C-alpha cells in the first residue's frame, strides 16, 4: 500500500516537473521568436534607439528656457515667443538623427570678439538676422518686412572667416543652431534622404528660433543639371519646398523663425532657386590693412614679442593679399623660430631637454616672419618690395593693397 502511495506521489512530481519544463521552454521560445521578428521587421531598431538616447542627451544640454506651448507662451524678460520645453519634445526617428547635429553654445569657444576685421558684417548679421529671430517683438512696427530673412549666404575666398563667423553666430545668437553635415542627409535607402530633409525643418520648427548652418553649401544645393542623379534632385526639391513653400509659415500666416545660413567659396555653383531664397548675401573678401592689423592683434595677443624689434604695423602692410588663415599660419611659423633657436642652443650645450625653461625663449621679432621656414610666397614678395622701397626712400612704403573692401552688402 505504501509503495502505491509513493508511486502516486512520484507521478505527481514528474507531472509538475514536466509542466515546469514545458512552460520554461514555451517562455524562452516566445522571447526568442519575438526578438527575431522585431529584428527582421526592423533591423535598425537598436541603432534608432541609440540615436534617440543620444539625441535626447544632446538636446538636454541646450540651456535656453522654453515655454510649454509651441510659440504661444512668451519670455517675461523679453516678451519674445518661446518654443516648447526640450523635455516635452516628441521626435521621430529621423528627427533624432538630425538632433545629434544641434550644437550647444558652450561647445564653441569662438565669439564675435574673436573675429578681426568683420565688424560691419557682424553688426549687420546681429541687426538683420539674430535680433529678428530671438527678439521679434522689437520689429513689430515693420510687420513682415522686418522679419528675419529666410536665408543668409556668406561667400568669398577660402580662409577669410566665413566658417568662423558661423561659429560665433552659434555661440552668441541664443537660437538653436543645427550644424547640418552632408553625411547627415546621405542615406543608403531610397527616399530616406528626403525624410531627413523634412526632419531638419520639422525639428527646426520645434526648436525655433533656429538657424540651420550648411558649410560648403554648393556641394549640397548646387546647380541642378539634366544628367544629375534622381535622388540628388529630389533632395534639392524637398529642401526648397520646405524652406520656402506652403508649410513655411504657421496657421496665423507669420513666417517661421527659421533661417538657413550657408557658407561657400563657389557662389556661382549654387542653384539660382537657392540663391533666391537667400536674400542676404555678404561677401567676405581678403582683409585690407586695418583688418589685417586687427587680425594680427587678436592672434598675437598671448604671444611673447620683442618690444624693441617687433613692428606689427609693418607686418600688417606686408601681409597684403593674404587671407586671415594665411596670416595665422605665418604667425605660427614665426612663433616657432625663437623656440627652434632655443632648443638647438640647449642641445649644443649638452643640457638635458627636460631642463628647458620656456621663460628663457626670446620674444618674436619682425624678421622671424621672413625666415627660411615661414612666411609664404606672398609675404616674401611683399617684404622684398618693401625693402626695395626702403633702400630708395629710407623708410618703408606701403605695399600695394588693391583688394576690394571686405564688407559690402549685396541685395
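The values are calculated or read from the model by the stated rules, or taken from the named source; none is laboratory data. Note that the coordinates shown come from a computational prediction; the quantities given were computed from them, not determined experimentally. Positions of Cβ are backbone-derived with ideal geometry, glycine not excepted, and every protein chain shown enters the neighbour counts.
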Search result, residues across the stretch 275-296 that are assigned to a helix (DSSP H, G or I) and out of contact with any helix residue (DSSP H, G or I) (no Cβ under 7 Å at 6 or more places or on another chain): 275, 276, 290, 291, 294
I'd like the residue in the stretch 216-231 that is part of a helix (DSSP H, G or I) and free of Cβ contacts under 8 Å to residues at least 60 places away in the same chain and, out of all such residues, is surrounded by the fewest Cβ atoms within 10 Å (Cβ to Cβ). 230
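Here's the yes/no breakdown for (1) touching a helix residue (DSSP H, G or I) at 6+ places or on another chain (Cβ under 7 Å); (2) under 30 Å from residue 360 (Cα atoms); (3) not in a loop (DSSP other than H, G, I, E, B):
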position	(1), (2), (3)
239	yes, no, yes
316	yes, yes, yes
331	yes, yes, yes
337	yes, yes, yes
340	no, yes, yes
Out of 126, 54, report the one residue that is modelled with pLDDT under 85, surrounded by fewer than 18 Cβ atoms within 10 Å (Cβ to Cβ) and not in a strand (DSSP E or B). 54
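Residue by residue, here is whether (1) more than 21 Å from residue 285 (Cα to Cα); (2) at pLDDT 85 or above; (3) under 35 Å from the mean Cα position of the chain (by Cα) holds:
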{"site": "298", "(1), (2), (3)": "no, yes, yes"}
{"site": "302", "(1), (2), (3)": "yes, yes, yes"}
{"site": "321", "(1), (2), (3)": "no, yes, yes"}
{"site": "331", "(1), (2), (3)": "no, yes, yes"}
{"site": "341", "(1), (2), (3)": "yes, yes, no"}
{"site": "348", "(1), (2), (3)": "yes, no, no"}
{"site": "353", "(1), (2), (3)": "yes, no, no"}
{"site": "356", "(1), (2), (3)": "yes, no, no"}
{"site": "382", "(1), (2), (3)": "no, no, yes"}
Would the stretch 178-185 turn up any residue that is crowded, with 18+ Cβ neighbours inside 10 Å and over 15 Å from the mean Cα position of the chain (by Cα)? yes
Do we have any residue at all in the stretch 188-205 that's assigned to a strand (DSSP E or B), touching a strand residue (DSSP E or B) at 6+ places or on another chain (Cβ under 9 Å) and under 19 Å from residue 96 (Cβ atoms)? no
Can you tell me which residue among 249, 263 is buried (at least 16 other Cβ atoms within 10 Å of the Cβ) and either under 20 Å from residue 132 (Cβ atoms) or at pLDDT 90 or above (or both)? 263
Those residues that are assigned to a helix (DSSP H, G or I) and at pLDDT 85 or above, I need them from the stretch 134-171; list them, please. 162, 163, 164, 165, 166, 167, 168, 169, 170, 171
Could you tell me which of the residues 240, 234, 164 is within 17 Å of the chain's Cα centre (by Cα) and either surrounded by 24 or more Cβ atoms within 10 Å (Cβ to Cβ) or assigned by TED's automatic domain parsing to the domain that holds residue 125 (or both)? 164
All but one of (1) crowded, with 18+ Cβ neighbours inside 10 Å; (2) more than 19 Å from residue 378 (Cβ to Cβ); (3) not assigned by TED's automatic domain parsing to the domain that holds residue 157 hold for residue 296; state the number of the condition that does not hold. (2)
Looking for something outside any helix (DSSP H, G or I), over 30 Å from residue 291 (Cβ atoms), modelled with pLDDT of 60 or more and in contact with a strand residue (DSSP E or B) (Cβ under 8 Å, 6 or more places away or on another chain) - is there at least one such residue anywhere in the stretch 74-92? yes
Do the conditions hold for residue 9, that is, is it under 30 Å from residue 199 (Cβ atoms), over 32 Å from the mean Cα position of the chain (by Cα), modelled with pLDDT under 70 and in a helix (DSSP H, G or I)? no
